[in-house]
Amino acid sequence: MKYRFGVVFLLLVCSASGQIRQDLGGQWLLKEESEEYKDLNATVPGGIYSDLMRSGVLEDVFAGFNDREYKWVARTNWTYYTTFQVKEDVTNRSTINLVLEGCDTFATILINGVDVGTTENMFVRYIFDVTGQLKAGDNSIEVRFLSPIWISEKLAEEQEQDYVIPPQCVPDSYKGECHVNYLRKIPASFSWDWGPAFPSVGIWKDIYLEGFDLTIIRYVVAEVLEEGENWILSIDTYFAPPREQITGDLVFSLETENEPIRLSNMIILDEPNEFGEVVNTTNITVPKTSVQSWWPNGYGAQPLYTLSVSFAGSTEPNTKQIQIGFRKIEIIQDELESGRSFYFKVNDAPVFAMGVNVIPLDILPEKSYNPETVERLLSAVATYTEMNMLRVWGGGVYESDYFYELADKYGLMIWQDFVFASAMYPANDDFLSNVKNEVNHQVKRIQSHPSLALWGGNNENEGNLASNYFNTADNFDVYKGDYIKLYIETVRDEMRRVTKNANFVDSSPTNGVESDDEGYVAKDPGSSFYGDDHYYSNNKDSFDVDIYPVPRFSSEYGYQSMPCVSSWLTATDNLTDLNINSDFMNHRQHHPDGNDPLKKLTEFQLELPSEDNEFYDEAFIYYTQIIQAMSIKIETEHYRTYMSRLDDQGRGHTMGALFWQLNDVWVAPSWAAIDYTGRWKMLQYFVPGFFSQEIVTGLYNADKKLEIFHILNKAHGDGEKWLNLTVYAWDSFTPVNVTQLSLGNPEALTATSVATIDVDQYLSDAGCGSLDDAKYNCFFHMIVGIGTTTITPPNYFFPSKFKEAKLQTSSLEIIAVDNFDAEGLRFLIAVKAPAPSLFVWLDAHEVKGHFLENGFVQHSIVAAVIFVADEPTTEEQLKGALTVTHVKDAKYFS
C-alpha cells in the first residue's frame, strides 16, 4: 500500500483577544501494531469498530455472529495518526494545550515524536501542555492505544497477588470479556445480558488545540439555592491556572423575564488552591418574580435562562454561556412508623416519578452521542408519554451535553449513576485518584442542568456486597472497606466538595439514609421500608400482582421481549435464524436462563400456534411483546395503587416507578421498549396508558375480587368525575353492561379504592354466562370522565387467561390509508374487525415512523389509528408496507 498521511487542515476559532481553538478532528489514518493493517482511513471523533467497518476490514459488526468473529479487534494495539499545520501566531501564545474531551481508554500521545501525555479514563477531559512541542508549519500527532483486554488482564493479575476483585469474568452466557471493573471505560462494552462485547478504542470525543496568553474559563457550575422570596444563584467559575498572577473583570449576565441581571467583580487569579483549582465563587440574588420556575414534564413549564460569564484580563476576554433553570429538588426520607419515605419533591410539590432506565444509546461510544439518536429517544419519552424521569444507568456512559440539554427542555429529571455497575472495584490509590478526576470533571460538566435530580454512587453494588452475590463474605470487611473508600470517601466526598446542594444516594437499590446509618452497607438494601428497589422475575406468572413487592420506590423492573421481524432482518438474512431455538437466537440471548423464560411467560397466558405453522416464529416474537407490555403495565399499576396507602405490614407510599429499559444497543432479546433500529415495541405504546397523570385500574386478588382504583398524581380537570365500567363479550361489539360510578372530585396524589367487585358474580349477573363460565366470555373496559369528556386513557381487565378466553379467531382488514397533511408525514388508517380483537398490531415494516396507538383492544367494528412517518411517504408506499394482526389471527391457527 502506498504510504500516505492524514492531514488536518487549520481550523481556528479566535476571539478578538487572540484566544485560539484549533480543531484536530477530521480524517486521520489508522494502523495496528504489526502493520498488517496500516494507513487505513479513520474519522476523529470516532472509534475502532466504526473505522474498520468504513475501511472494509470488518463487515457490519452488528450482523450475524460478528461480535464473536471480531474479538481480535480489542485484543490489538492500534495507533491513530495525522499531520496538521500550525500558524506562527498560534505558536506565539504563551500557553498551548492539547485537549482531548474523550479518549478511550489507554493511550500515549506523541506530538512530533515526543511523548506529551497518557490517558487511562474515557470519562476524563485530558489537557496536555504542548507549548514547547509545536512548531509553525507541519506537525504530526500519534495516539497509540493499548488493548483494553490486555490492560484489564494485567491489572487483574497484579491485584490477585493480594486478593481477588470479583467477578473475575462475566457469566458465560454474556459471551463477553473479563475484568472490566479494573478499567474506567463503559462497563457494558465488555458485554451485558442485553448487549455484545465491543471493547471500544478510539478518540471518541473532540480533540483540539487551545492557545491563550493569560487564562481561559474551564467550567461554569451554577447551582440554584432558595432563600425566602429569592433564588440564590451560586456560580463557581473555574479557570485554567495562569502562569503568573493576573487581575481582571469577571462579568455575569443573566437573562430574566424582565431586564437582565448584571454583576461585575474585579478579581485576582493566582496560584491554584489545595485541590489544584483556580476558582471564583459568586452569588447572585434573583427575585422569584423575575423568573419562572422549572418543572418536571406534566407539572408545568421548563423555562430556561442564559447565564453568560466573561473574564477580561488585560486584552484577553473569555466568555462561557450555559442554560439554567430555577427549581428546588429534594429527596424526602422522613421517618414513618415502619421505615422511612423515599420520594422526590420539586418546588415543594411531591412528585410521583414515572420513568425508565437508559442504557448507552449505542455500544459504540462515538455513536452514542449522535444528536439524532438522542433526539429520537428523548422525544419518544417526553412528547409521546408523560414520563418525568430517566435513570442514566451506571453500566454505561455519562451522556452527551445535548442529552442533558434535551432533558432540561423536556422536563425529564435525571437520576445519574456514576459509572460503576454490578461488580466489586479496586480501591488502591491509583484507581481512586483516577476516579476522583472523573467525578470532578463529570460533576462540573453536568451539575448545572436543572434536570439533574440525583447522583447515584453505583448500580447494585451495595446489594451485591450485602447479599454475598460475588462470594465476598469470607473477606467481607476488606470488600466493605473498599466500598466505603470508593463510593463514600472518593465519589461522594468529591461530588459534595464541588457542589452545594446536590442529592446523592450511595447505590441503587439502597436504603438511603438507613444504609448510611448502618455503615453504608445495609443488611437488606432494597428493603420495602426504605429507599429504592429492583425487582425481576422470569419464572412466575407475571400477571399475578401478588408476586410483586410493595416498595417505597421501584427504580428497576422489567421483562424481556423480542424485536419485531423487520428489525431481526437487519441482523440476519436467514429466516430460519428467527426460530427461538436457532443457534443465532441462542447466541443473541445473553440472559443466563436463555430463551426458556420467554416461552414460559408466554405460555402462562397465551396459546402458541403449532410449531409446524409457517407463521410460528412471527407469532412467537409478537406474543413476547404482548407479555412484556402487559407485565410491565400490570406491575406499574400495582406500584401506583400504593402511592397514598400502606398495607398491614407498613409497606407502601410508593412514589416512583422506573421500568427497565428504554433502548437497545443491538438487535437481540432484551428488556427494551424501543429496539436498536428505532422501532417501538408494544411496551412503548402502552406507556402513555400506565404513566398518565390520572388513570383507573383494577387489581385482581386471590379471592377473585377486582378492586378498582382511581389514581391521581396531580390536579386534573374541574368538576365531578365519573367512572364507567363497561362489560363486553368476546363475540360482540355491543356492550353487555355499563355501570357508572361517581368519584366526586378526588384530591391530588391519591390512589383511591372506589369499588370491589366479585368478578364471577358480576359477570354472570351481567349476562356473560354461568358463574363458572362468565369470566371466559367477557372482559371489562374502564374509563374516567367529567361531564361528557373522558379524561383518562381507557383501561381493561381480563378476568381469565387469554388462552382460556372465548376469543374469536379471525382476520383483520386495513380498509383505508389516508394522508392528511401536506408534508406526507401523517396518515389515518382504518382497521376493520369482525369481533372484539386483542392487541391489534399494525406494522409499517420498511416505512419508518410510529403510530399514535398500537397493540390496542379493538371493541368497535372500525378503529382509526394515526401513523406518523419519519420522512415524507405516499399513501401507496404505506399501503404496500402495512400489515395488521391480532392475538387470534386466523393465520396462526389455520
(message) Sorting check: for 604-615, 844-855, which peptide has the highest mean count of neighbouring beta carbons within 10 Å, and how do the rest follow?
(response) 844-855, 604-615
(request) Rounding to the nearest 20 debye, state how big the charge dipole of region 209-368 is about its Cα centre with +1 on each Lys and Arg Cβ and -1 on each Asp and Glu Cβ. (result) 460
(request) Would you kindly compute the Cα radius of gyration of region 273-428 and its largest Cα-Cα separation (Dmax), both in Å? (result) 18.9, 64
(request) Over the residues of region 660-786, compute the C-alpha Rg and express it relative to 2.2 N^0.38 Å. (result) 1.30
(request) Could you tell me what % of all Cα pairs in the chain have separations over 36 Å? (result) 52
(message) Could you tell me the calculated FRET efficiency between Lys879 and Thr576, based on Cβ-Cβ distance and R0 = 30 angstrom, to the nearest 0.05?
(response) 0.55
(request) Taking the chain as the reference, fit the longest principal axis to its C-alpha atoms, fit the long axis of helix 401-410 to the helix C-alpha atoms, and give the angle between the two in degrees, 0 to 90, nearest 10. (result) 40
(request) Take each of the peptides 108-117, 423-432, 406-415, 268-277, average the number of other beta-carbon atoms within 10 Å over its residues, and list them starting from the highest. (result) 406-415, 423-432, 108-117, 268-277
(message) Given Cβ point charges of +1 (Lys, Arg) and -1 (Asp, Glu) and nothing else, what value in debye, to the nearest 20, does the dipole of the chain about its Cα centre take?
(response) 1120
(message) So if I restrict to the alpha-carbon atoms in region 256-342, what is the Rg, and what is Dmax, the biggest pairwise distance, in Å?
(response) 19.1, 64
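Measure off, as a whole percent, the carbon and sulfur share of the 1.4 Å-probe accessible area of region 394-551, all protein chains present. Don't jump to the answer; show the numbers that get you there.
Numbers: 2050 of 4950 Å².
Looking at region 394-551 in its full context, I get 41 percent from C and S.
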(message) What aspartates and glutamates does Lys714 reach when the alpha-carbon gap must be under 20 Å and sequence neighbours fewer than 8 apart in one chain are set aside?
(response) Glu330, Asp348, Glu386, Glu637, Glu694, Glu747
(message) Quick check on packing: order 155-164, 202-211, 698-707 by the mean number of other C-beta atoms within 10 Å, highest mean leading.
(response) 202-211, 698-707, 155-164
(request) Describe numerically, in nm with one decimal, the distance between label points set 7 Å from Cα along Cα→Cβ at Glu518 and at Ser253. (result) 5.4
(request) Using Cα positions and a limit of under 18 Å, work out the lysines in reach of Lys879, with same-chain residues fewer than 8 apart set aside. (result) Lys832, Lys848
(message) From the phi angles alone, apply the Karplus equation (6.51, -1.76, 1.60; θ = phi - 60°) to region 701-707 and give each ³J(HN,Hα) in whole Hz, x where the residue is Gly or Pro.
(response) 10, 5, 8, 6, 10, 9, 9
(message) Once you place label points 7 Å from the Cα toward the Cβ at Glu611 and Thr383, how far apart are they in nm?
(response) 4.5
(request) For the chain, build the charge dipole from Cβ charges (+1 Lys, Arg; -1 Asp, Glu) around the Cα centre, then report which of Thr788, Gly594, Gln661 sits farthest towards its positive end. (result) Thr788
(message) Once R0 is set to 22 Å, what does the formula 1/(1 + (r/R0)^6) return for the Cβ-Cβ distance between Asn41 and Trp150, expressed as a FRET efficiency to the nearest 0.05?
(response) 0.30
(request) Work out how far the C-alpha atoms of region 492-572 reach from end to end along every principal axis, then list the three figures in whole Å, largest first. (result) 50, 35, 18
(request) With unit charges on the beta carbon (Lys/Arg positive, Asp/Glu negative), name the residue among Leu712, Tyr70, Pro549 whose Cα is farthest towards the positive pole of the charge dipole of the chain. (result) Leu712
(request) Please give the contour-minus-distance gain from Asp493 to Glu871: 0.36 nm per residue of separation, less the Cα-Cα distance, rounded to one decimal in nm. (result) 131.2 nm
(message) Keeping every protein chain present and rolling a 1.4 Å probe, give me the accessible area per residue for region 684-746 in Å².
(response) 38
(message) Spelling out what I want: for every residue of region 784-801, take phi, set θ = phi - 60°, compute 6.51 cos²θ - 1.76 cosθ + 1.60 (Karplus), and round to whole Hz; glycine and proline get x.
(response) 10, x, 10, x, 9, 10, 7, 10, 10, x, x, 9, 9, 10, 10, x, 10, 5
(request) Straight distance only, please: which lysines reach the Cα of Lys31 with their own Cα at less than 23 Å, same-chain residues fewer than 8 apart left out? (result) Lys2, Lys71, Lys185, Lys205, Lys367
(message) Using DSSP to call loops (not H, G, I, E or B), can you name the trypsin sites (Lys or Arg not before Pro) in region 114-158 whose Cβ has at most 16 other Cβ atoms within 10 angstrom?
(response) Lys135
(request) Run the accessible area of region 190-284 with a 1.4 Å probe and give the carbon-and-sulfur part as a rounded percent. (result) 43
(request) With a probe of 1.4 Å, find how much accessible area region 46-176 has per residue, and write the answer as a whole number in Å². (result) 40
(request) Check each of the GluC sites (Glu not before Pro) in region 726-830 and keep only those in coil by DSSP with at most 14 other C-beta atoms within 10 angstrom; list them in order. (result) Glu747, Glu804, Glu823
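Taking the Cβ of Ala702 as the center, what net charge do the other residues with Cβ under 11 Å away carry, scoring Lys and Arg +1 and Asp and Glu -1?
Spelling it out: positives minus negatives among the neighbours equals -1.
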(message) Give me the net charge for the shell around Glu153: Cβ to Cβ below 13 angstrom, other residues only, Lys and Arg +1, Asp and Glu -1.
(response) -2
(message) As a test, work out the antiparallel percent of DSSP beta bridges whose residues both lie in the chain, rounded to the nearest 5.
(response) 85
(request) With label points built 7 Å along Cα→Cβ from the Cα atoms of Glu720 and Ala473, find their separation and express it in nm. (result) 6.2
(request) Place a label point 7 angstrom from the Cα of Glu244 along the Cα-to-Cβ direction, then list the residues of region 70-111 whose backbone nitrogen is under 19 Å away. (result) 92-96
(message) My understanding is that a pair violates if its Cα-Cα distance is over 20 Å; which of Lys175/Lys600; Lys540/Lys806; Lys87/Lys135 do that in this structure?
(response) Lys175/Lys600; Lys540/Lys806
(request) Using only Cα atoms, tell me the angle between helix 596-605 and the longest principal axis of the chain; keep it within 0 to 90° and round to the nearest 10. (result) 30
(message) Per 0.36 nm of contour for each residue apart, how much would the distance between Glu813 and Asp593 grow if the chain were fully extended, relative to their Cα-Cα spacing?
(response) 75.3 nm
(request) On a 0 to 90° scale, report how tilted helix 371-382 is relative to the longest principal axis of the chain, with both axes built from alpha carbons and the result rounded to the nearest 10. (result) 40
(request) Express in nm, to one decimal, how much length is gained between Val862 and Phe733 on full extension, taking 0.36 nm for each residue of separation and deducting their alpha carbon distance. (result) 45.4 nm
(request) For an R0 of 45 angstrom, estimate the FRET efficiency from the Cβ-Cβ distance between Tyr536 and Asp129 and round to the nearest 0.05. (result) 0.35
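The values are calculated or read from the model by the stated rules, or taken from the named source; none is laboratory data. Keep in mind it's a predicted model, so treat the numbers as computed, not measured. Reconstructed Cβ throughout: ideal geometry from the backbone, glycine too, with neighbour counts over all protein chains shown. In case anyone asks, the SASA skips ligands and DNA or RNA and just uses the protein heavy atoms, side chains included. Shrake-Rupley method; radii C 1.70, N 1.55, O 1.52, S 1.80 Å.
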